[in-house]
């Protein structure tokens with residue numbers, strides 16, 4: 001079956017594919033049969049096992065070199081590109097692509113959290129939570145060097161969206177937002193919340209809504 005990669009997590013070594021039948025199929029990293037890492041948006045071919053999971057995942061055959069291409073006569077030395085140069089160029093392009101994708105995700109997470117300024121419903125994936133927390137920490141550090149009053153003002157402005165994204169992150173792992181109150185327990189409470197925030201969310205819908213990865 002043909003499909004497209006919706007998401008892939010390096011941390012859990014799992015991903016999701018949407019098939020041409022418009023259904024979603026989970027797959028694990030060892031079912032990816034290509035040398036480069038799977039990236040969201042890749043067009044792929046795959047099989048489906050008895051458990052409804054994708055297996056034997058390859059890049060779409062149409063994207064691979066055809067025999068006619070491979071059998072073309074060698075070009076003159078003036079236009080020859082060595083395999084090493086081509087591989088290096090491919091890796092460089094991949095690095096920039098991942099960097100741009102990470103930058104887009106970072107900006108999108110900040111935009112989403114401010115857009116859902118006081119939204120305590122729904123779910124937030126790990127990427128949204130951690131990117132916004134990083135933004136808040138960096139902003140606080142930067143402003144603290146400039147002016148303490150500005151740093152305090154920034155903390156007050158980001159307080160509500162910060163609490164909201166924490167609640168939505170708890171919802172993503174099927175926990176009530178009231179667990180936020182455990183932060184009142186010195187040290188242990190905060191560490192427990194951070195541990196939960198690092199957990200993979202439920203892949204399917206739960207009582208708090210659809211998966212944010214959908």
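For the reader, a short list of remarks on this structure follows.
- Any hit, region 118-125, residues being assigned to a helix (DSSP H, G or I) and in contact (Cβ under 8 Å) with a residue 24 or more places away in the chain: no
- Tally of residues being surrounded by 18 or more Cβ atoms within 10 Å (Cβ to Cβ) and either out of contact with any strand residue (DSSP E or B) (no Cβ under 9 Å at 6 or more places or on another chain) or under 13 Å from residue 6 (Cα atoms) (or both) across region 25-53: 5
- Within region 177-214, the set of residues being farther than 23 Å from residue 108 by Cα, in a helix (DSSP H, G or I) and out of contact with any helix residue (DSSP H, G or I) (no Cβ under 7 Å at 6 or more places or on another chain) comprises 178, 181, 184, 188, 191, 195.
- Just one of the numbered conditions (1) under 24 Å from residue 16 (Cα atoms); (2) in a helix (DSSP H, G or I) is not true of residue 174: (2).
- Residue check, residue 15 within 16 Å of residue 127 (Cβ to Cβ) and either exposed (fewer than 12 other Cβ atoms within 10 Å of the Cβ) or assigned by TED's automatic domain parsing to the domain that holds residue 55 (or both): yes
- Selection from region 4-54 of residues that are part of a loop (DSSP other than H, G, I, E, B) and within 14 Å of the chain's Cα centre (by Cα): 10, 11, 12, 13, 37, 38, 39, 40, 41
- Filter result for the condition that a residue is modelled with pLDDT under 85 and not assigned by TED's automatic domain parsing to the domain that holds residue 153, over 54, 68: 68
The values are calculated or read from the model by the stated rules, or taken from the named source; none is laboratory data. Computed from a predicted model, the values in this text were never measured in an experiment. Using ideal geometry, Cβ is built from the backbone for each residue, glycine included, and neighbour counts are taken over all protein chains shown.
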